[in-house]
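Worksheet for the structure shown next.
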Amino acid sequence: MAEIRSLHDAVADLVHEGDTVAMEGFTHLIPYAAAHEVIRQGITDLTLARMTPDVVYDQLIGAGLVRKLIFSWGGNPGVGSLHRFRDAVENGWPRPLELDEHSHAGMANRYVAGASRLPFAVLRGYRGSDLATRTDTVSSVVCPFTGEELAAVAALNPDVTVVHAQRADRQGNVQMWGLTGVQKEAALAADRVLVTVEEMVDELTPRPGGVVLPTWVIDAVCVVPGGAHPSYAAGYTVRDNAFYQAWDPIARDRDAFIQWIDENVRTEGAVAR
Amino acid sequence: MTTEDFTRDELMEVNAARALAGARTCFVGIGLPSTAANLARATVNPGLVLIYESGTIGSKPTRLPLSIGDGELAETADAVVPVPEMFNYWLQGGRIDVGFLGAAQVDRFANINTTVVDRGPGKPEGRLPGAGGAPEIASNCGKVLMVLRHSTRGFVRKLDFVTTLGHGSGPGDRERLGMPGAGPVEVITDLGVLRPDPATAELVLSALHPGVTVEQVRDATGWDLRSADTVGVTEPPTAAELAALRALKSAGKEDR
């Protein structure tokens, strides 16, 4: 059963040094506030998984907390590079970053296998691509029925998955809608699940296209309005595209980045804009 | 460089949109492909079903989205599906006619690199964003269109890394690998249009934009670009096409 907790306490209890952590949300519902709490608590040596690392992982990587990244597309959507990610990969700053790199289809299926508690998933993918030469989590399998050779991707089972959702009820049942990405799979693949929500309600009225995660698959629910900013929560906030564009010059420069993190994340009581 | 009336980029965008005439469904990459696909809906193909990898099917945005997950893409969609479903049921299931991709590097067989670039001896590899949806889009869509600006940095003799297979090393490679779709059929640039030679699968110059010469295109291509038997000239953008393109772009800037 999910406990309703403060973000500080939930992160401190559920996210451990050296963990494999998935903070999912495909452009929408990215759990920024929880990531910032990880930075404030300095929880380090993390292996981070996300289909699209996005600015949220650029921040964690630049803060020096990440040992390895499991991903499929590492850009600032519509803007350009993730400069902290590039600096870590190209120059080892602030520390070297090991990569396990996939296609989107492969990453999505790795979570599906993880949620299904299967050792791997099968897809028609990676054909003719050099990607498989750089990872040990892509292989091939022969279909026992047709003889077709198919790609096999290893299950991804995070120690902890963190997602943001629109709302929860007082029992800790969580509801999200709009673009729901791979959040259900990432949550069900994980050992521990932390959810931040925009608001707490008495009753979760059904939503078209909504996904409900029952309280008994969740460890902690934290009420964090605006906790997806500069990503968004449909029905509550809009994507702050101006922030994503403003991030580019901040992240290009190591000193500007450190200053931004110090002022907006690490400072006591700072509310990251 | 430009006439009084339109820019090279506009020639590229308008011709990329025209390439979507007659298509029913398009899996849309962000950036130039998204511009082209949205312009196609405003001009040559109002019924085109736009599919974004964030899970939206039938998006009808009124402005160009910055990301593939902008709220308007979901709010205006016929359906929003989870990401594993998008890649497994809709893309791998063979439901999508056209995949529209951009690229950092392309070779003569329309293979794509979006992963790493070699920056010379003693220097670390330059890091690009990575694969995203492209390998399976290029494999599983009925056919693939590509759009990128023409330069020797982009059109290279040899890729530093094959992220996404186009035509491999020539005819028969896609069939041998069991790839369902036809692969890249057209590469639209700011100088003209390249198409694979049916006999060799090698990209050849098929059309020039108005005012561009064959030499200009060859100079901007990293391999010895051959020309098709007949090299056409693309129709200049119409006033309606330009108006629609500029309206989409200015609407996209309002909220940024």
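Bear in mind these aren't lab numbers, they're just calculated from the coordinates by the rules spelled out. Computed from a prediction, not measured in an experiment: that's the story for all the values here. Every residue, glycine as well, gets a Cβ built from its backbone with ideal geometry; the counts of neighbours run over all protein chains shown.
Length gain on complete extension for the stretch residue B:7 to residue B:243, per 0.36 nm per residue less the alpha carbon to alpha carbon distance?
Values: separation 236, 0.36 × 236 = 84.96 nm, distance 1.31 nm.
Extra length from residue B:7 to residue B:243 when fully extended: 83.7 nm.
Would you pull out the residues with amide H under 5 Å of residue A:120's amide H, same chain only if 5 or more places away, H placed 1.01 Å from N?
A:155
Say the cut-off is 24 Å between C-alpha atoms; which of B:60/B:249; A:184/B:60; A:184/B:143 go over it?
Checking Cα-Cα distances, A:184/B:60; A:184/B:143 exceed 24 Å.
Of B:156, B:54, B:96, which is farthest towards the positive pole of segment B:8-254's charge dipole, taken about the Cα centre with +1 and -1 on the beta-carbons of Lys, Arg and Asp, Glu respectively?
Farthest along the dipole direction, towards plus: B:156.
When only alpha-carbon atoms count, how far does segment A:1-156 stretch along each of its three principal axes, as whole angstroms with the largest first?
Ordered largest first, segment A:1-156 gives principal extents of 52, 43, 28 Å.
Taking one equal scatterer on every alpha-carbon of segment B:8-254, how large is log10 of I(q)/I(0) by Debye at q = 0.11 1/Å?
-0.56
Hey, rough spin-label estimate for residue A:116 and residue A:201, points 7 angstrom out along Cα→Cβ, what's it come to in nanometres?
Distance between the two pseudo-spin positions: 3.3 nm.
Between rounded, prolate and oblate, where does segment B:146-218 land on the alpha carbon gyration tensor, with a ≥ b ≥ c its root eigenvalues, rounded for a/c under 1.5, else prolate if a/b exceeds b/c?
Note, shape of segment B:146-218 comes out prolate.
Please give every one of the lysines within straight-line cross-link reach of residue B:123, meaning a C-alpha to C-alpha distance under 20 Å, and leave out same-chain neighbours fewer than 8 residues apart.
Partners within reach: B:158.
Given a cut-off of under 8 Å on Cα pairs at least six residues apart, what relative contact order in percent is computed for chain A?
24 percent
With runs of 4+ DSSP H residues as the only contributors, calculate the mean residue ellipticity of the protein assembly as shown at 222 nm using -39,500 (n - 2.57) per run, divided by the residue total and rounded to the nearest 500.
That comes out to -7500 deg cm²/dmol.
Whole-Hz ³J(HN,Hα) for each residue in segment A:111-127, computed from phi via Karplus 6.51 cos²θ - 1.76 cosθ + 1.60 with θ = phi - 60°, x for glycine and proline: what do you get?
Taking θ as phi minus 60°, the curve returns 5, 4, 4, x, 5, 7, 6, 9, x, 7, 10, 10, 8, 8, x, 6, 5 Hz for segment A:111-127.
Name the shape class, rounded, prolate or oblate, that the alpha-carbon gyration tensor gives for segment A:116-273, where a ≥ b ≥ c are the square roots of its eigenvalues, rounded holds for a/c under 1.5, and otherwise prolate holds if a/b is larger than b/c and oblate otherwise.
Cα axes put segment A:116-273 in the oblate bin.
List the residues whose amide H sits under 5 Å from the amide H of residue A:19, counting only those 5 or more places along or on another chain, with H placed 1.01 Å from N in the peptide plane.
Long-range HN contacts for residue A:19: A:47.
Rounded to whole Å and sorted largest first, list the principal axis extents of the Cα atoms in chain A.
58, 47, 32
Among A:179, A:82, A:131, determine the one that fluctuates most according to a GNM of chain A built with springs between C-alpha atoms less than 10 Å apart.
Result for chain A, Cα springs under 10 Å: A:131 fluctuates most.
For a Förster distance of 51 Å, can you work out the FRET efficiency between the beta-carbons of residue B:235 and residue A:91, rounded to the nearest 0.05?
Calculated value: 0.60.
Run the quick spin-label model on residue A:67 and residue A:254: label points 7 Å from Cα toward the beta carbon, then report their separation in nm to one decimal.
With each label point 7 Å from Cα toward Cβ, the separation is 2.3 nm.
Full extension from residue B:85 to residue B:215: what is 0.36 nm times the residue separation minus their Cα-Cα distance, to one decimal in nm?
Gain in length upon complete extension: 42.2 nm.
Below 8 Å, C-alpha to C-alpha, sequence gap of six or more: please give me the relative contact order for segment B:98-215 in percent. List each step's numbers first, then the result.
Numbers: 249 pairs, mean separation 34.1, N = 118.
Once divided by the residue count of segment B:98-215, the mean separation gives 29 percent.
So what is the relative contact order for chain B, in percent, with contacts set as C-alpha pairs under 8 Å and at least six apart?
In percent, rounded to a whole number, it is 19.
Would you mind telling me the antiparallel percentage of the DSSP bridges in segment B:8-254, rounded to 5?
Given both bridge residues lie in segment B:8-254, the antiparallel proportion sits at roughly 45 percent.
Taking square-rooted eigenvalues a ≥ b ≥ c of the alpha carbon gyration tensor, is the protein assembly as shown rounded, prolate or oblate, where a/c under 1.5 means rounded and, failing that, a/b exceeding b/c means prolate?
Working: a/c = 1.66, a/b = 1.57, b/c = 1.06.
It comes out prolate by the Cα gyration axes.
5 Å is the cut-off here: which amide hydrogens, built 1.01 Å from N in the peptide plane, fall below it relative to residue B:143, excluding neighbours closer than 5 in sequence?
B:98, B:99, B:182
Report, for chain A, the % of DSSP beta bridges that are antiparallel, rounded to 5.
Here the share of antiparallel DSSP bridges comes out near 35 percent.
When DSSP beta bridges are limited to those with both residues in segment A:113-236, what percentage is antiparallel, rounded to the nearest 5?
Antiparallel: roughly 50 percent of the beta bridges in segment A:113-236.
Could you give the size of the charge dipole of the protein assembly as shown about its Cα centre, using +1 on the Cβ of each K and R and -1 on the Cβ of each D and E, expressed in debye and rounded to the nearest 20?
Values: 48 positive and 66 negative charges, 144 e Å.
Approximately 700 debye in magnitude.
Give me the distance in nm between label points sitting 7 Å out from Cα along the Cα-to-Cβ direction at residue A:98 and residue A:145, one decimal.
The two pseudo-label positions are separated by 3.7 nm.
Using the Karplus curve 6.51 cos²θ - 1.76 cosθ + 1.60 with θ = phi - 60°, what ³J(HN,Hα) values do you get for each residue of segment B:180-187, in whole Hz, with x for Gly and Pro?
Once rounded to whole Hz, the list reads x, x, 6, x, x, 10, 7, 10.
Please list, in order along segment A:222-229, the HN-Hα scalar couplings obtained from phi with the Karplus expression 6.51 cos²θ - 1.76 cosθ + 1.60 (θ = phi - 60°), rounded to whole Hz, x for Gly and Pro.
10, 8, 9, x, x, x, 9, 5
Just the C-alpha atoms of segment A:108-195: what Rg/Rh do they give, with Rh taken as the Kirkwood radius?
Rounded to two decimals, Rg over Rh is 1.09.
What average number of partner chain Cβ atoms lie no more than 10 Å from the Cβ of the residues making up B:73-82? It would help to have the intermediate numbers written out before the result.
On the way: counts 3, 8, 3, 0, 2, 0, 1, 8, 3, 12.
Mean inter-chain Cβ contacts per residue within 10 Å come to 4.
Between residue B:76 and residue B:153, take the C-beta separation as r, use R0 = 41 Å, and let me know the FRET efficiency to the nearest 0.05.
So, using R0 = 41 Å, E works out to roughly 0.70.
Which residue, chosen from A:108, A:123, A:91, occupies the Cα position most advanced towards the positive end of the dipole of segment A:54-152, where the dipole is computed from +1 (Lys, Arg) and -1 (Asp, Glu) charges on Cβ about the Cα centre?
Most positive-ward Cα: A:108.
Let's see if you can work this out: charge +1 on each Lys and Arg Cβ, -1 on each Asp and Glu Cβ, no other charges. What is the dipole magnitude of segment B:8-254 about its Cα centre, in debye to the nearest 20?
Once rounded to the nearest 20, the dipole reads 200 debye.
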